Amino acid sequence: MADWLLWLIALGYLGLLFAVAFLGDRSPAYWRSGLREPAVYALSLAVYCTSWTFYGGVGRAASHGLDFTLIYVGPILVITVGFPMMRKITRVAREQNITSVADFIAARYGKSRVIAAAATLIALVGVLPYIALQLQAVSLSFGALATGLDGRGRAPVWTDTALHVALTMAVFAILFGVRHVQANERHQGMILAIAFESLVKLGAILAAGAFVTFGIFDGPGDLTARLLSVPALQARLEGFSVGPEWVSITVMSALAFLCLPRQFHVGVVESGRPADLRTARWLFPAYLGAINVFVPAFAVAGLLLLGTAADPDLFVLSLPMAAGDPLLSLAVFLGGLSAATGMVIVETVALSTMISNELVLPLLLRGGMAARGDGALGPTVLRIRRIAIFGILLLAYAYHAVIGGSLPLASIGLIAFCAVAQLGPALIAGLYWRRAHRHGAFAGMAGGFLVWVVVFLAPTLTGVNWASSVPLFGVEGALWGIGDDVDTLTRGAFWSLVLNTALLVVVSRLAWAGERDREQAEAFVGPVAEARQKPQATHRAAAFDDLKTLVARFIGPDRAELAFGGAAAALRDRDLADHTEKLLSGAIGTASARIMVAATMRRHRTAIGRSQTLLRQASEAILFNRDLLSATLDNIGQGIGVFDRDLRLAGWNRRFVEILGLAEPQVGIGMPLQALTGPGGGLGLSVLLEEQRDPDRRRRPHSHERRGADGRVLELQTNPMPDGGFVLVCTDVTERVKTLDALRESERRIRIYTDNVPVLIAYVDREQRYRFTNRPYEQALGLERGETDGLSIRTALGEQRYGRLRPYIDAVLAGRHQVFEIEFAAAGAELARGTYIPHRDEQGRVVGFFTLYQDITEQRRAEAVLRETAETLERRVAERTSELTALNEALAAAKAAAEAANLGKTRFLAAASHDLLQPFHAARLLTATLAERLGRKAEAPLVGHIDSSLATVEELLQALLEISKLDAGAIEPQIRAAPVAEILRLAVLPFEPIARRRGLRLKVVPSSAAALTDPALVRRIVQNLVSNAVRYTREGTVLVGCRRRGDALAIQVWDTGPGIPPEQISAIFEEFRRLGSGGEDEPAGLGLGLAIVERIAARLGHRVSVRSRLGRGSVFELVLPRARGQAAARPSEAPRRRSPGTDLAGRLVLCVDNDRAILTATRLLLEGWGCTVLTAAEAGAAREALSVAGRVPDMVLLDYHLTGAETGLDVLDALEAGIGQRLPAALVTADRTDSVKAAARARGLPLLHKPLRPAALRALLVQRLAAARQAPAA
């Protein structure tokens, strides 16, 4: 159905409601006669059945079974079993002229404004989710009917159906219920419209239920049979058992029926005759049964036809829509709209009355609005209530927008019930327990409401369950052994009501009840009074003018003229009396109105009777005025006490007792002033006793300030009365006195500051008179303090000086800031800088100006000296700049020479390392070839010794080159965060076979720390330390680990070797220093390992230390900085497994090197392994060799540095370009610089360093050839 059509139908229906309400207001007498009034009253109570009943009850039944009935058990028990209590509530409300539930509770507890405000706030906050429920229900049904969607998605605000519904309902609520000021008037039209809506929603749900039961299915039997055929649904709908949840929902619904603002309004404020309540006693329960009779059928049918994925809250609407019946769907929509609209209208009207009467009006009265009269107050009250209605609905929409339809309708309703239930203990206790006190009521309501906010409201708004950690209601489980599993709702309701009731009882027993508390308690708890009779028709009618005059005395002549004009002039005597009583009840209460009307209508009786009537009338008027005066005095911020001529207390207000700190029990009528001045008496009243005993002083008003020990300051004002008494007005002026003291202190400090600055400061008003001057200014003018205040500036300065300053004075008074220099021959000053600053008021008008004079004589002299000094400095700076320029040029030249020398040293070391290691590379290859050819001949050991000697020389050269690079600064550390575990693992790995062979335990302690260092250099340090430890330890353990020391790490290598003598510890880091030999099967060290360790550590900025005990072992420690966080470990290469089946025989290997000895040695070695070897010294020879061979090589071994500028990578590029494909290759070079490593890494080439071990070369060939053979298969 189109949106606009649905809106048109909805607005048309609301217009129909307005017409019904208009009919009720136009003919109230008709609807209050016969059986119509009880029936309308009972049906209006059905406003309890909101969209929760219409939609949410089915959703609850579909998910929880038959426990949807629990929210109706409570109201039925209240109106049947609790009928005497309902009758008592309506009687008391009628006698006390009650307008709302907050007014009822406040009237019971001494007419306390705090209680009224607290009850109003609790009702407002608690009902907001309930109103949001109605908006959500209408929005869901609108979306389902208009678009077929569930409507739970969040739409933009300007297109949100819920917002449109809220604003529309606000307009209709104002039209229905906020048209007159009298809050206690009966809204006959609104109640008739609510009763009509009750019939509409009942008819709609019964029609839909009959359609589903007998139209879609074949009756209840068919539904039951279908249900029994699906065990899962049967178990879902049978989940009903009496337990804590049953009790909590029943109690909450009963209290909500009593305390919900709309229920109290229709059930109590709008109640008429006692017969109305008796009719509702049976008609209302019957209505509840009728409206819920088809709920199980809806739930079963929805689950069977629509499935569990559908929204159960919309089963009532979805089933007719699914059956293709648009008219019935529209009727269901209007029924749901009726349920929501009736609730929202009555709820907002009741809440707006509470907000205006209990929150806003007391503040306005304290602000003095009461003095404007009722004629000015009435329109203001109406505006407040209308604004409140809009505010309530907008807040409810905001709550709906926050929860976003995330909660089922029933859950929102139960949350609202729990909030409003917090008013129940105070209301019920106030009816039956005389000792119930306002302090206890406030404590109970506040405690229970706080639990509700934490457990229910906050989680729905924030999505965070704040109470989940509280064992009392945060964890599901058994509750004091009652029930096996209790949900959070039951726990929250239970503990909030228990805390509420406990605080009410305990605090009430501890509190002291005043006279007003006792009077109100008796009025509420006492027996039911006899009903007061209205004036009988048999009495002679009072004159029309008399009744109009009576009304005018209370509501004003204008409103009385309007009320008695038109149709009222033609009313009969009895109707005219009723009309007058209704007008007065809104101003002075129903009971007083009846008395006043009765007295007026009997004024033509006998003289005695007339005198009694007039006396009673006067007494009532006096009592009314006294109550009005008392209420007014209690709402002002000053304490007022009235004493008679005998100095006895005749009257007081509440603030009088509070301000003077008196105890309420000691204050009473006739108490002498002397009794209030003794021990425990009020602050500072003794001075009043002395003052009033003096006849002369007694006739004059007096004012005193008294300070208490607690720091409070009171202002006591006495005003004499004609009869000899006096009125005492007490005002707490503590804050005012503190402000004045602060101002005086501020002025004193300003005087101190301004009197001690070397500046002449003054303030001049618009009339050019001094209003402030500091001491230097007064001394400059030769005046004493106090003489300048009000003195004319012309008089103080003299005509000559004033004439010179006149242009500046006129300019600043015109609003322009002035700065000038002037000769000021005073106080030794020769030249002064004057500053005039205009002072403006809030309207921007110049009201005066500030003057400041500062002596600048020395400043000007100093400026002259500075100029001369600056010129001298400029010359010296120019000279010095020339010298520094020459020096900088010399330093730059020296720096360039040093850098060139350092670069040359680096290049030399690289070249030296290459040229020195080349011959050893060839020798190692030749000895390996020779060893393979000799096999097991007698000369084989000799070849082994030659190879060991070459290895020793190679190690020595490498160590010397490394030391040279470190000393020359050619090694640049690459600092980064590195995992210690990876450094230690790689450092120890090469020594594990040696340790096993020697029977040593080599252990690494795992570590998760990360170090900020160069991992390669630190690994080299650890390798040298582990190498020494394995070499010199004959038995035992070598332990490697890492310790944390604050922001640093300590890598330690422990051994159980022979130890180091203390006197030689400092010498072990020297070059070629060896303290002993290793094992018998291990060659002795060169004595360079620790020297390299010390140099690398120094290059990194790390510290190396050693501790040792002879015969026990040694520990070497490297301290390095710790990295923040955890460094990611670099993936280590998996150990390469040599393919056992790989054969080098017949493989073509191309060797490119510019050293013929190396080429020869490499060829002999490879041919010994069965390879076919080609050799070349440059790219041309390599291409020619491959051309002759006629096939692609299986491996290319390249030296990096060839003849001239040519490199092995250039040769590889040339070969691949000629062949047209990538070639498997490896770099074999003696250059260990980072640039070569980077070049090899960029090309993806393996890198071997000379001198090369034959085993490493063979492993490389096997691995690369195996990988090349597997590549096609991949």
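Since every read-out is calculated from the coordinates, none of them should be taken as a lab result. The shown structure was predicted, so the numbers you read here are calculated from the model rather than taken from an experiment. So basically every Cβ, Gly included, is an ideal-geometry build from the backbone, and we count neighbours across all protein chains shown.
See the values below:
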quantity: Protection proxy ranking, peptides 287-296, 778-787, 251-260, average beta carbon neighbours within 10 Å, highest first; calculated: 251-260, 287-296, 778-787
quantity: For Asp1155, Asp1047, order by how many other beta-carbon atoms lie within 10 Å, fewest first; calculated: Asp1047, Asp1155
quantity: Segments 760-773, 6-19, 1014-1027 sorted - mean Cβ within 10 Å per residue, highest first; calculated: 1014-1027, 760-773, 6-19
quantity: Highest-first arrangement of 191-198, 721-728, 1213-1220, where packing means the average Cβ count within 10 Å; calculated: 191-198, 721-728, 1213-1220
quantity: Cα gyration tensor shape of the range 286-336, rounded if a/c is under 1.5, else prolate or oblate by comparing a/b with b/c; calculated: oblate
quantity: Shape category assigned to the range 972-1121 from the gyration tensor of Cα positions, a/c cut at 1.5; calculated: prolate
quantity: Additional length obtainable on full extension of the chain from Thr80 to Val247, 0.36 nm per residue less Cα span; calculated: 58.3 nm
quantity: Taking Asp755, Asp841, Asp218 and counting other C-beta atoms within 10 Å, the order from fewest to most; calculated: Asp841, Asp218, Asp755
quantity: Only Lys, Arg (+1) and Asp, Glu (-1) charged, at Cβ; the range 757-855 dipole about Cα centre in debye; calculated: 240
